[in-house]
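Take a look at the structure set out below.
Bear in mind these aren't lab numbers, they're just calculated from the coordinates by the rules spelled out. Nothing here was measured: the structure is a model prediction, and the numbers come from that model. Neighbour counts are summed over all protein chains in view; Cβ atoms, including those assigned to glycine, are modelled from backbone coordinates with ideal geometry.
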Amino acid sequence: MRKLLTALLILVSLPCLAQETDPYLTYLKEAGWDMPLYRGRTAIRYNFSYNGTYFWDLGGFRRGDLCYAGKVYRDMEMNINAHLQRLLIRFPDSFSTVDLGNRDVAWFTLEGERFVNLRAKGLDVPEGFYRAVYEGQEAVYERIDKEFRRDINSSNDGEIGYRDPDYKEGIYEIFAQRRTWYFVDRNGQATRFKKQNVLLKAHPDRKRDVTRYLKEQGLDKADFATWCAAVMNYIEHGK
């Protein structure tokens, strides 16, 4: 451990290099540590003032499992750059964050929430990551994108689309949130939708039963994700 810390201190003392030659990652590669995860480049940094966040949400890095290049890695610390739709991982005892991109990422979890690369599964959807709201014979996914733009009329909760506790007045560069939903039917056809009745229209013979069930369970006015999960669970399992 002492040798490792000494080596890291020597490397950190060197002049700053380009992203592709981050000292910590170079050391790990030379030490022969599990190579596939280090093929990514050091994540870019947004070194300017802005409101909002380019991450999926404000929850920070979270732990979970990752399937990358066909291999599963356990208890990784990860986050999503929702501006570029790229997966970032952070290593213990390091300030380095590696950008794994999205091509070789099949799926990952963040504190129990499952995210899937639907494009890698062959679905005709934009590249990026999709949170599993419900998965069964059919599925519902949520996608969040963060669009960077300048807006002199922006406001917290308003144009950025969510509440930023560190929102600063007079800063007009923002990461605005765009949320989209996808329904994948049993034939593997992905459909983007905005209104909840899309799921009911896909199962017209169950519409009356589903509506009754939602009211009985007090779910008819639930948030969008909870409503969608309840509908699909009832359609597939009757509960």
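Can you grab the distance from the C-alpha centre of the range 95-130 to the C-alpha centre of the range 59-78, Å, no decimals?
10
Would you mind checking the pairs 121/195; 71/146; 146/168 and listing those with alpha carbons more than 23 angstrom apart? Numbers along the way, then the final one.
Values: 121/195 25 Å; 71/146 29 Å; 146/168 18 Å.
Too far apart for the 23 Å limit: 121/195; 71/146.
I need the GluC sites (Glu not before Pro) found in the range 165-239, filtered to DSSP loop residues with at most 14 other beta carbons within 10 Å of theirs. Walk me through the numbers on the way to the answer.
Working: sites: 169, 173, 216, 236; in loops: 169.
Sites meeting the loop and neighbour criteria: 169.
With a 10 Å Cβ neighbour count serving as the proxy for reagent exposure, in which order, fewest first, do 175, 91 appear? Provide the component values of the computation, followed by the final result.
Details: 175 22, 91 17.
Lowest count first: 91, 175.
Taking only the Cα atoms of the range 195-239, how large is their convex hull per residue, in Å³?
In the range 195-239, the Cα convex hull volume per residue is 61 Å³.
Give the value in nm², to one decimal: projected area of the alpha carbon convex hull of the range 141-221, averaged over all directions. If you can, show how the numbers build up before the last one.
Values: hull surface 30.6 nm².
Averaged projected hull area, Cα only: 7.7 nm².
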